[in-house]
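One structure is given below, encoded as structure tokens.
The values are calculated or read from the model by the stated rules, or taken from the named source; none is laboratory data. Model, not experiment: these values are computed from the prediction. In this analysis, Cβ positions are derived from the backbone assuming ideal geometry, glycine residues included, and neighbour counts consider all displayed protein chains. Note: areas computed on protein heavy atoms with side chains; ligands, DNA, RNA excluded. Shrake-Rupley method; radii C 1.70, N 1.55, O 1.52, S 1.80 Å.
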Amino acid sequence: MTAVLFDFSGTLFRVESTESWLRAVLTQTGHALPEAEVARLAGALEEAGALPGGAAPAEVPADLAGTWAVRDESAALHRAAYTGLSRRVPLPDPALHDALYQRHMTPAAWTPYPDAPEVLRALRERGIGVGVVSNIGWDPRPVFRAHGLDRYVDTYALSYEHGVQKPDPRLFSVACEALGADPRRVVMVGDSRAADGGAAALGCRVHFVDHLPVSERPDALLPVLDLVI
């Protein structure tokens with residue numbers, strides 16, 4: 001194999017819990033709520049699927065269904081979809097919905113999986129090209145930089161920058177072309193069979209990991225190193 005492509009959320013990084021997300025924004029904006037109310041609101045936001053990278057919505061409202069289906073094709077659609085879900089939950093201040101959306105794009109909201117640095121470093125040492133292919137509505141490069149991992153990534157193919165989202169093979173093609181790699185000699189690593197599995201249409205090998213909390217998935221990326229020998 002000459003290159004490895006990685007998904008971002010749920011593969012290399014995990015977003016904070018919905019409760020942590022809410023608490024951070026409440027603290028930042030000076031809103032003090034009773035503990036029971038914080039827990040209740042966090043549960044409601046999680047059920048709504050309002051945290052990008054977190055739990056999927058229990059149900060997508062009919063008026064958001066069209067936006068939701070193409071949410072990763074632009075920054076505007078992504079924001080509209082997720083703040084639309086968030087607004088299903090009444091919060092003490094309407095401005096909190098936009099503050100929550102802003103919070104999820106900060107490096108503090110994301111934690112690398114424990115083995116991500118080791119795997120990315122080993123691939124660089126072996127001369128294997130690395131790309132990040134993500135369905136996303138914002139730029140995760142600052143997250144990689146803040147956690148010291150950007151140095152190991154050669155290219156980013158982000159859905160909102162190209163107006164196309166996985167599983168469309170075109171997004172994987174963008175990354176392969178940037179790396180100068182024959183797709184038949186590329187491994188795509190992701191947590192979504194529906195989205196990341198689209199790389200198989202190009203002839204890429206696809207390897208899946210489970211989208212679990214960081215504490216529950218210490219070494220699922222390590223087998224990737226055995227695929228590129």
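For the listed peptides 33-39, 106-112, 93-99, a ranking on the average number of other beta carbons within 10 Å per residue, highest first, reads 106-112, 93-99, 33-39. The long axis of helix 116-125 is offset from the longest Cα principal axis of the chain by roughly 30 degrees. Across the stretch 176-225, Cα pairs under 8 Å and at least six residues apart give a relative contact order of 31 percent. Taking the helices alone, the chain has a mean residue ellipticity at 222 nm of -11000 deg cm²/dmol, built from -39,500 (n - 2.57) per DSSP H run of at least 4 residues and averaged over all its residues.
What whole-number value in Å² describes the accessible area per residue of the chain for a 1.4 Å probe?
For the chain, the per-residue accessible area is 43 Å².
Given +1 on the Cβ of Lys and Arg, -1 on the Cβ of Asp and Glu, and no further charges, what dipole in debye does the chain carry about its Cα centre, rounded to the nearest 20? Intermediate results must be reported in sequence, preceding the final value.
Values: 21 positive and 29 negative charges, 88 e Å.
I would put it at about 420 debye.
Over the stretch 101-176, what is the relative contact order in percent, taking alpha-carbon pairs closer than 8 angstrom and at least six residues apart?
On the way: 85 pairs, mean separation 23.2, N = 76.
Relative contact order for the stretch 101-176 comes out at 30 percent.
Taking Cα atoms only, the orientation of helix 95-104 departs from the longest principal axis of the chain by about 20 degrees.
Which GluC sites (Glu not before Pro) in the stretch 45-97 pass both tests, a DSSP loop state and at most 16 other beta-carbon atoms within 10 Å? Walk me through the numbers before you get to the answer.
Working: sites: E46, E47, E59, E73; in loops: E59.
Listed in order of number, the matching sites are E59.
Rounded to the nearest 20 debye, the dipole size of the stretch 1-93 about its Cα centre is 140 debye, using +1 on the Cβ of Lys and Arg and -1 on the Cβ of Asp and Glu. Once C-alpha pairs closer than 8 Å and six or more residues apart are averaged by separation and normalised to the residue number of the chain, the relative contact order reads 27 percent. Would you mind checking the tilt of helix 75-86 against the longest principal axis of the Cα atoms of the chain, expressed as 0 to 90 degrees and rounded to 10? Relative to the chain, helix 75-86 is tipped by roughly 40 degrees. Lys/Arg Cβ at +1, Asp/Glu Cβ at -1, dipole of the chain taken about the Cα centre: which of P140, S9, L77 is farthest positive-ward? Toward the positive end, the furthest listed residue is P140. Whole-Hz Karplus values for the stretch 184-194 come out as 6, 10, 10, 10, 9, 10, x, 10, 10, 5, 5 Hz, taken residue by residue from phi with 6.51 cos²θ - 1.76 cosθ + 1.60 and θ = phi - 60°; glycine and proline positions read x.
Taking 0.36 nm per residue of sequence separation and removing the Cα-Cα distance, the E216/R87 pair yields an extension gain of 43.4 nm.
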